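Q: The structure under discussion is supplied below as structure tokens; questions concerning it will follow.
Values quoted throughout were computed directly from the atomic coordinates according to the rules given, and no laboratory measurement underlies them. Values in this document were obtained by computation on a predicted structure and should not be read as measured data. So basically every Cβ, Gly included, is an ideal-geometry build from the backbone, and we count neighbours across all protein chains shown.
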Amino acid sequence: MAQFDVYQNPSNTSRKHYPYLLDIQSPYISEIATRIVIPLGLASSFGNEAMNILTPEIQYEGEDLLLLTPQVSSVPAKILTAPVGSLSHFREQIIHAIDFAITGI
């Protein structure tokens, strides 16, 4: 598992609006049984209203997605099977969103 890997949302219930989970956990704490993730939501499900810093819009697999930073959570690592891609090229925006959520800066 690598930081900024993208996984399909394993939940049949929420996958319609939140198709992916983004693993944001540092590789230095990979031995624990959980992973810290941020859901990626379909922008259209949220009225296409991104908060530029907190919930930046990200294009992935031809879809407009929002990084839903306020919904950061942890999930059991075992439910994240095979990554479907990576958003490491959005690293700066992702870290800025997390930083803004925590510090307001």
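Q: For the pair Gln71/Ser30, report the inter-label distance in nm, with labels modelled 7 Å from Cα in the Cβ direction.
A: Reported label-point gap for Gln71 and Ser30 is 2.8 nm.
Q: Can you list the HN-Hα couplings for segment 18-26, worked out from phi with the Karplus curve (6.51, -1.76, 1.60; θ = phi - 60°), rounded to whole Hz and with x for Gly and Pro?
A: Once rounded to whole Hz, the list reads 10, x, 9, 10, 9, 7, 10, 5, 4.
Q: Okay, moving on. Run the helix sum for the chain: -39,500 (n - 2.57) per DSSP H stretch of 4+ residues, divided by residue count, reported at 222 nm to the nearest 500 deg cm²/dmol.
A: My calculation for the chain gives -4000 deg cm²/dmol from helical runs alone.
Q: Where does the chain land on Rg/Rh, using Cα atoms and the Kirkwood Rh?
A: 0.94
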